Amino acid sequence: MSTSDVPATPKNGRVALFADRFLPYSQTFIYEEIRAHERYEVDVFCKARRNEEQFPHDPVYYPRTWVGKRVYENVGYWPRFDRLIQQSHYDLLHAHFGTTAVYALPYVLRHDLPFVVTFWGNDISVLLGSQRLNPKNWRYLLFRNAIMTHADRMLCVSREMCEFVREMSDRPEAIRLWSQGIDLDRFQPVAHENDVPTLIMVGRFTEKKGHAYAIRAFANAIDAGRTARLVLVGDGELEPKCRALVRDRGVADHVTFTGVLPQRNVADRLAHADIALVPSVVARNHDREGSPTVAKEAGACGLPVIGTYHAGLPDIVDDGTTGFLVPERHVDALTDRLLRLLDTPDLRAQMGRAAREKMEREFALSDRVAELERLYDNVR
């Protein structure tokens, strides 16, 4: 029987998935989750369509006119969405990020639909720190309690976040620890041998990613006589400061800034690196990570990860087994662990194998989406 003759897996549910914009590169994990569904069809509702060639999906509904975009942005409601939800007989609504859940809430209330919200990190940070003062967050702050009251399930991507949401909502029965999965076919080890050890860090140049601490630790290793290369993938508002720091520390010849790369190129860069750096921190405005996807992608590619005791990283990295964890902003500790891995290729290989095995056990995309579908089943 040819592939085209194989009957498609029958769907037994429909989800109206609310996103902010579908889809920035930084939220590729949402796209991977949608594509991996076996038993549920997913229709996307959002403010605007982005990167359609890289993230093809049908249907994606969004206001097409300037007036429509302004109305939806400022009123939090769009009549066509209401008609579509009424006519399409969805089994539930799922909002990615609490800040987007505020746009799904009117349809939950109007149509009495089960409601799932995934909190990813910054959406909780908005409720804790100075981001509360940002005018663009007023609607989320106003309707936070309503979101947490009406959500049938609140999925949190780290244990720390579960505690925050538990305190805010006082609804422990509705909260679940949720870990998104990784495509283990796309992210997998590749046999390679670099002339010098290659370190990689992937992510937007924002304070919470901790680029400055990674660059300082790397420069310390070079100053200590080690030979290595650092690859920084991404862009962002702090990139000029990071470039200046690289120049000031005299390591410009050892550092490559690639800019933003498509996911397939990110996977290739990870697979051909030797060590991944994920030194995340709580930013001054309380912005924080949820569960850094790149740490899982690196582990799936067989890389040891040097990370921090931050948010969901301790769930991803087993300190001393699949990589190392150090306190936030502790450059000396970062340097020490980096020197240890640079000086011990066998330890790098051992940790890389253990990291891949952990990803296969705990974070396979198909397993995690199957668990998500069981959660959907339970709220219907």
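The values are calculated or read from the model by the stated rules, or taken from the named source; none is laboratory data. As the structure is a prediction and not an experimental result, all values here were calculated from the model. No Cβ is skipped: glycine too gets one built from the backbone with ideal geometry, and neighbour counts run over all protein chains shown.
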Verdict on Arg264 being within 24 Å of Val165 (Cβ to Cβ) and at pLDDT below 95: no
The one condition in (1) charged (D, E, K, R); (2) touching a strand residue (DSSP E or B) at 6+ places or on another chain (Cβ under 7 Å); (3) part of a loop (DSSP other than H, G, I, E, B) that Arg226 fails to fulfil: (2)
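Regarding the range 306-313, can at least one residue be identified that is in contact (Cβ under 8 Å) with a residue 24 or more places away in the chain, farther than 30 Å from Val196 by Cβ and touching a helix residue (DSSP H, G or I) at 6+ places or on another chain (Cβ under 9 Å)?
Yes; the residues of the range 306-313 include at least one that is in contact (Cβ under 8 Å) with a residue 24 or more places away in the chain, farther than 30 Å from Val196 by Cβ and touching a helix residue (DSSP H, G or I) at 6+ places or on another chain (Cβ under 9 Å).
From Ala191, Ala146, grab the single residue that is among the hydrophobic types (A, V, I, L, M, F, W, C) and closer than 26 Å to Leu92 by Cα. Reasoning before the result, please.
Values: Ala191 fails: closer than 26 Å to Leu92 by Cα.
After applying the criteria, what remains is Ala146.
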Selected residue [among the small types (Gly, Ala, Ser), out of contact with any helix residue (DSSP H, G or I) (no Cβ under 9 Å at 6 or more places or on another chain) and either crowded, with 22+ Cβ neighbours inside 10 Å or more than 22 Å from Arg329 (Cβ to Cβ) (or both)] from Gly225, Gly234, Gly181: Gly225
Wholly within the range 262-332, helices (runs of 4 or more DSSP H) carrying at least 3 residues that are over 22 Å from Asp123 (Cβ atoms): 263-271, 293-300
Residue match in the range 201-221 (condition: touching a residue at least 40 places away in the same chain (Cβ under 8 Å), of a type in the set (Phe, Trp, Tyr) and touching a helix residue (DSSP H, G or I) at 6+ places or on another chain (Cβ under 9 Å)): yes
The range 223-246, subset in contact with a Leu (Cβ under 8 Å, 6 or more places away or on another chain) and among the aliphatic types (A, V, I, L, M), residue nearest to Ala283 (Cα to Cα): Val233
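Within the range 56-64, does at least one residue satisfy the condition of being β-branched (Val, Ile, Thr) and closer than 20 Å to Val117 by Cα?
Step one: of the range 56-64, the residues β-branched (Val, Ile, Thr) are 60.
The next check asks that each one be closer than 20 Å to Val117 by Cα; those that pass are 60.
There is at least one residue in the range 56-64 that is β-branched (Val, Ile, Thr) and closer than 20 Å to Val117 by Cα.
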Failed condition for Met201, given (1) crowded, with 19+ Cβ neighbours inside 10 Å; (2) in contact with a Phe, Trp or Tyr (Cβ under 7 Å, 6 or more places away or on another chain): (2)
Those residues of the range 336-359 which are surrounded by fewer than 15 Cβ atoms within 10 Å (Cβ to Cβ) and either in a helix (DSSP H, G or I) or at pLDDT below 95 (or both), in sequence order: Arg340, Asp343, Pro345, Asp346, Leu347, Ala349, Gln350, Arg353, Glu357
